[in-house]
Every structure is written in C-alpha cells, then in structure tokens.
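Notes to accompany the following structure.
Laboratory data are not the source of any read-out in this text; all were calculated from the coordinates shown. This structure is a prediction, so every number in the text was calculated from the model and none was measured. With ideal geometry, Cβ positions are generated from the backbone for all residues, glycine too; neighbour counts draw on all protein chains shown.
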There are 2 protein chains.
Amino acid sequence: MAGTFKIVLIGSGNAGTQLGHAFSQVGHQVLQVYSKTIESAKILANQLDAAYTNELNQIDQNADFYIIAIKDDAINKIPASLNISEKIIAHTAGSVPMEVLKDLSPNFGIFYPLQTLSKDKTVDFTTIPICIEGSNHETLYQLKSLAESLSTSVQEIHFEKRKMLHLSAVFVCNFTNHMYTIASDLLKKEGLSFDLILPLIRETTEKLNHVSPVEGQTGPAIRNDQEVIEEHLGALEENEDYQNIYKLLTESIQKKN
Amino acid sequence: MAGTFKIVLIGSGNAGTQLGHAFSQVGHQVLQVYSKTIESAKILANQLDAAYTNELNQIDQNADFYIIAIKDDAINKIPASLNISEKIIAHTAGSVPMEVLKDLSPNFGIFYPLQTLSKDKTVDFTTIPICIEGSNHETLYQLKSLAESLSTSVQEIHFEKRKMLHLSAVFVCNFTNHMYTIASDLLKKEGLSFDLILPLIRETTEKLNHVSPVEGQTGPAIRNDQEVIEEHLGALEENEDYQNIYKLLTESIQKKN
C-alpha cells in the first residue's frame with residue numbers, strides 16, 4: 001500500500017458503513033463520519049473510533065479524502081460553502097457525473113465500488129472493481145492509490161461507461177435479488193424451505209464461468225413449453241404483479257433466443 | 001451406494017445428457033439412449049458406451065429404470081404400447097404429475113433434479129436436491145436408492161409442492177439468467193467486459209447465506225431514487241422490451257418493500 005490516509009466519510013448508510021470498515025481495516029484513519037441523522041453517524045463513528053457530526057459546517061478540515069456516500073440525488077445539494085480548501089472529494093454513485101462536485105474543491109473525482117453493500121453484511125473488497133475518475137492527473141493518482149489499498153481491480157472508467165455499469169448492476173443484482181424475493185414468497189406459501197433452491201441459484205451463477213448467459217438459458221420459456229407456461233401463470237393468479245413479471249420475462253426470453 | 005442399476009434414458013437433451021453422465025460416473029450402466037432424433041441419441045450413446053434408437057418399440061426391455069427426460073408436453077404422448085412390462089419408469093419434469101405414466105407400467109414415479117442442466121456444462125450432482133415420488137412403496141424405495149447414488153439431498157415431494165419448486169426455479173434461474181443476458185447486452189454496447197460485474201453477481205448470491213433477499217435488497221428502486229430511475233429508463237430507450245422490464249421490476253420492488 002502506498003500509505004495511510006485520513007478520511008472523512010460523508011454518509012453512514014450501506015455504502016458508507018462498508019467503506020468505512022474497509023478503509024479502517026487496511027489501516028487508514030476515518031477521522032469523522034457525517035450523516036444528517038446524528039444517531040446513524042454516531043453508530044458508525046463509534047465502530048470506527050471516529051468523530052461524528054450532522055452539521056456540514058463542522059466537517060473536519062484535516063483529511064486527505066472526503067468520500068461522499070449518500071443518496072444520488074442528495075450529492076448535488078452539498079453546499080459549496082463546505083470548507084475543505086483544496087482537498088480531494090469524491091462520490092461513490094454510479095449514475096452521477098463527477099462535475100457535480102466541482103464547486104466543492106478543484107480536486108474532485110469518483111470512487112465507485114461496483115458492489116451491493118448492506119450495513120450488516122461485510123464484504124471482501126479485494127476483488128471488487130472500484131471505478132475511479134479524477135478532475136486532474138494528481139487527483140486521479142491519489143484516488144487510484146486509495147482504491148488500490150482496498151482492491152486489486154481498480155479501473156479508470158468515465159461517466160458514460162460507468163452509467164452503463166450501474167444500469168447493468170441494477171439488472172444483475174437488484175432485479176435478480178427481487179427474483180429471489182419472489183421465489184422465497186412462493187416457497188413459503190407451500191411450506192418449502194428457501195434452502196432447497198440455493199444449489200440452483202449457485203449453479204446459475206457458476207455456469208457463467210463456462211457459458212455465456214444467452215447460451216446457458218434453460219427452462220419453459222426457451223423450450224417454448226406452452227403447457228408449463230400456462231400452468232405457471234395459473235399458479236400466480238393470486239398475485240397479478242408476479243404474473244405480469246412472469247409473462248414479460250417469458251416473452252423477452254423468447255424474443256431474445 | 002445400494003447397488004448398480006441398468007438404465008434406459010428416454011431423451012438426450014440437456015437433462016438426459018447430464019443425467020446419463022452422472023449415472024455412468026457413479027457406476028450404473030446406461031443400456032440404451034432413445035431420442036426421436038437419431039443423431040442426438042447416437043452422440044450421447046457413444047459417450048456412455050450405450051446402444052441407441054429412435055424407435056420407441058425398439059426400447060431395451062432389460063433395464064431396471066426407464067428415465068424420461070423429454071419436453072414436458074411430450075411425456076404424455078409416449079404410447080402405452082411401450083413394452084417395459086412392470087419395470088420402473090419415471091420422468092424428470094417439474095410441472096407434470098406422475099400419473100401421466102400410469103398406462104406404461106404399474107411402477108411409475110418422479111425423478112426431478114432441481115437444477116439447470118445444459119448439454120455442455122457438467123454439474124456436480126452431489127448437492128443437487130432430487131425430488132422423488134413413487135406410485136407405490138417399492139417404486140419409491142427404488143427411486144430413492146437411485147437418487148441417493150447421485151445426491152445427498154433426496155426429498156420425497158408431492159406434485160403441488162414440486163410444481164411450486166419448479167415455478168420458483170424459473171424465477172431464480174431462468175429469469176435471473178435473463179437479467180445476466182440483458183446486462184451482457186448493455187455492457188457490450190459500451191465495450192465493457194461482462195467479467196467486470198461477475199464479483200457483483202457472486203456477492204448477490206453469497207449474501208443469501210447471511211440475509212434474506214427482502215432484507216438484502218439495495219439499489220435505486222428501494223431507495224426510491226427517482227432521478228437515477230429516470231436516467232436508466234432514458235438509457236434503455238432504444239430497447240422497449242428492456243425498458244418495460246426495468247419499469248415493472250422497479251415498481252414491484254417498491255410495492256414489496
């Protein structure tokens with residue numbers, strides 16, 4: 001690692017919490033945690049042995065990096081009066097350009113970990129792609145150094161590509177996870193354990209190491225097994241929402257293949 | 001293992017191929033492979049050192065088990081004239097009752113591996129749940145013995161529950177895999193490698209060992225991050241199909257949480 005850094009975390013939600021722990025674990029010092037909810041700032045700060053505040057004008061001025069991990073549409077509401085002189089400030093959002101930070105410091109950039117982060121689930125950052133951008137060469141270099149202290153997969157990726165990565169992430173992570181939620185609901189109704197389909201879930205992803213998803217597609221939609229499809233739609237009659245999802249995705253698979 | 005069995009495989013598609021290899025690997029003898037496409041029967045039969053045919057009236061009468069792995073809606077079209085006396089016959093379909101086999105032998109049942117099977121992707125059957133049913137005690141016992149020779153997770157599961165398992169499998173496997181296909185399309189358009197989101201895909205499933213899918217949900221839908229959602233819908237404008245999927249799944253996540 002290039003060195004240890006002093007960091008202020010702006011945001012103590014899912015991403016802030018996991019980044020805070022990751023920074024701390026590799027030896028950086030989280031000086032302070034900001035959250036508009038003081039209780040949330042305090043919980044994370046206590047875990048990281050850091051100070052905390054819910055006032056942006058109380059932000060510690062002695063950090064090397066100010067890492068913003070708050071809701072995407074709140075990022076551009078951070079006031080230009082934030083007093084961090086010319087320190088490096090970066091946000092962690094997939095779909096927001098770095099230029100929203102330009103009034104806060106001349107040295108701004110992106111620190112976007114391509115991962116699903118929840119407060120209560122520790123992740124191993126070593127293999128997580130971290131996408132970075134910087135407003136100038138030195139800022140990029142410093143953000144790269146910070147990112148490489150966590151991960152072996154650091155990529156300089158500009159806005160259009162980052163947006164597409166984020167959109168793809170919504171499909172493979174959030175939407176996929178919703179498929180798991182639906183299955184969990186359905187199984188519960190029949191008194192079946194979710195554990196029964198875990199091996200199938202694992203193989204569905206493991207398969208990606210061997211065949212492309214379009215080649216690996218199986219099931220009633222791609223077999224055009226109309227009897228099964230009708231039966232499944234019938235079984236979903238009580239839940240119009242799930243029924244519509246089944247219909248739309250079945251048609252989409254059939255169109256694609 | 002209880003013993004080695006002689007097996008005739010009816011069907012040489014994805015499931016037939018993988019089951020054939022799995023049976024063979026644990027020491028059973030696949031006597032013969034049937035497919036209505038002689039070339040397909042021949043390819044698998046050669047791999048398993050078995051005979052092959054595309055005529056149901058040429059089926060070998062000396063097997064212990066006749067395992068049917070053909071399209072669901074073709075199962076009940078196997079003629080009652082199939083000459084297997086009182087041997088055990090079972091099909092591998094998730095959504096078809098075992099009774100469709102009742103005219104073929106008094107000893108019929110289900111041998112349903114809850115897994116995604118492709119011709120070219122070998123799977124480890126050891127942890128795959130195999131759901132069985134039998135028309136009588138002895139048939140159930142024999143099918144259990146065959147299933148336990150492949151897997152440590154053998155379950156007697158009746159029709160209604162099996163159907164729900166199959167429906168859940170469509171969501172967690174086929175629909176999830178379609179999410180991967182869509183992401184792969186989107187990334188390709190921007191010249192990005194699919195490998196970049198593999199760690200995210202892995203973590204999305206790994207997370208299921210720690211939190212339930214409904215608790216583990218993240219992303220713009222559940223954060224109700226309307227700006228990002230609008231931007232994503234805009235980015236999908238060229239593909240109405242993907243745009244509709246994004247809309248429907250976003251709404252469904254928001255309703256659920």
Label-point separation, A:Thr152 to A:Lys247 (7 Å along Cα→Cβ), nm: 4.8
Label point 7 Å beyond Cα along the C-beta direction, distances from B:Ser193 to other copies (nm, shortest first): 3.9
³J(HN,Hα) computed for each position of the stretch A:207-215 - Karplus, 6.51 cos²θ - 1.76 cosθ + 1.60, integer Hz, glycine/proline x: 4, 4, 6, 10, 10, 5, x, 5, 6
Amide H within-cut-off set for B:Ala51, under 5 Å, with H built and near neighbours excluded: B:Gln32, B:Val33
Amide proton proximity set for A:Ile68, modelled H, under 5 Å, gap of 5+: A:Ile10, A:Ala90, A:His91, A:Thr92
FRET efficiency, 1/(1 + (r/R0)^6) with R0 41 Å, evaluated for B:Phe159 and A:Lys71 via beta carbons: 0.30
At R0 = 30 Å, FRET efficiency that the Cβ-Cβ distance of B:Glu190 and A:Gln61 yields, to 0.05: 0.20
Evaluated at q = 0.21 Å⁻¹: base-10 log I(q)/I(0), Debye formula over Cα of the stretch B:93-181: -1.06
Karplus-derived 3J(HN,Hα), 6.51/-1.76/1.60, for each residue of the stretch A:100-116, Hz, glycine and proline x: 4, 9, 5, 7, 8, 6, x, 10, 10, x, 10, 9, 10, x, 7, 7, 8
Residue-averaged beta-carbon neighbours from other chains (10 angstrom radius) around A:114-121: 6
Net lengthening on full extension, B:Asn224/B:Thr4 (0.36 nm per residue, minus Cα-Cα): 73.5 nm
Between the stretch A:71-113 and the stretch B:1-77, the alpha-carbon center distance in angstrom: 62
Kirkwood estimate for chain B, i.e. one over the average of 1/r between Cα atoms, Å: 20.6
Most to least packed among A:183-195, B:153-165, A:157-169 [average Cβ atoms within 10 Å]: A:157-169, B:153-165, A:183-195
Distance cut-off 39 Å, percentage of C-alpha pairs in the protein assembly as shown lying past it: 35
Label 7 Å beyond Cα on the Cβ vector: A:Glu99 copy-to-copy distances, nm: 6.8
Shortest-first nm distances, B:Glu237 label point to equivalent points in other copies (7 Å, Cα→Cβ): 4.2
Projected area, mean over directions - the stretch A:124-257, Cα convex hull, nm²: 10.9
q = 0.20, 0.26, 0.33, 0.34 Å⁻¹, the stretch B:71-111: log10 I(q)/I(0) [Debye, one scatterer per Cα]: -0.53, -0.88, -1.31, -1.35
Peptide A:235-241, shielding by other chains (average Cβ, 10 Å cutoff): 2
Links that overshoot a 20 Å alpha carbon limit, given the list A:Lys247/B:Lys255; A:Lys36/A:Lys71; B:Lys6/B:Lys163; A:Lys247/B:Lys121: B:Lys6/B:Lys163; A:Lys247/B:Lys121
Residue-wise HN-Hα coupling along the stretch B:16-31, computed from phi with Karplus coefficients 6.51, -1.76, 1.60 (Hz; x: Gly, Pro): x, 4, 5, 5, x, 5, 5, 4, 4, 5, 8, x, 6, 10, 7, 6
Cross-link reach list, lysines versus A:Lys161, counting only Cα pairs under 17 Å and skipping chain neighbours closer than eight places: B:Lys188, B:Lys189
Overall Cα dimensions of the stretch B:175-214, principal axis frame, Å, largest first: 34, 19, 12
Rg/Rg_globular for the stretch B:180-257, with Rg_globular taken as 2.2 N^0.38 Å and Rg from C-alpha atoms: 1.19
Between the stretch A:183-216 and the stretch B:189-211, the Cα center-to-center distance that results, in Å: 15
Calculated FRET efficiency for the pair A:Gln254/A:Ile38, C-beta based, R₀ 51 Å, to 0.05: 0.45
Estimated distance in nm for a label pair at A:Asn46 and A:Asp120, the labels positioned 7 Å out from Cα along Cα-to-Cβ: 1.7
Order by protection proxy (mean Cβ within 10 Å, highest first), peptides B:59-67, B:230-238, B:78-86: B:59-67, B:230-238, B:78-86
Length added when fully stretched, B:Asn239-B:His21, from 0.36 nm per residue minus Cα-Cα: 74.4 nm
Quotient of Cα Rg and 2.2 N^0.38 Å for the stretch B:7-121, N being how many residues it contains: 0.95
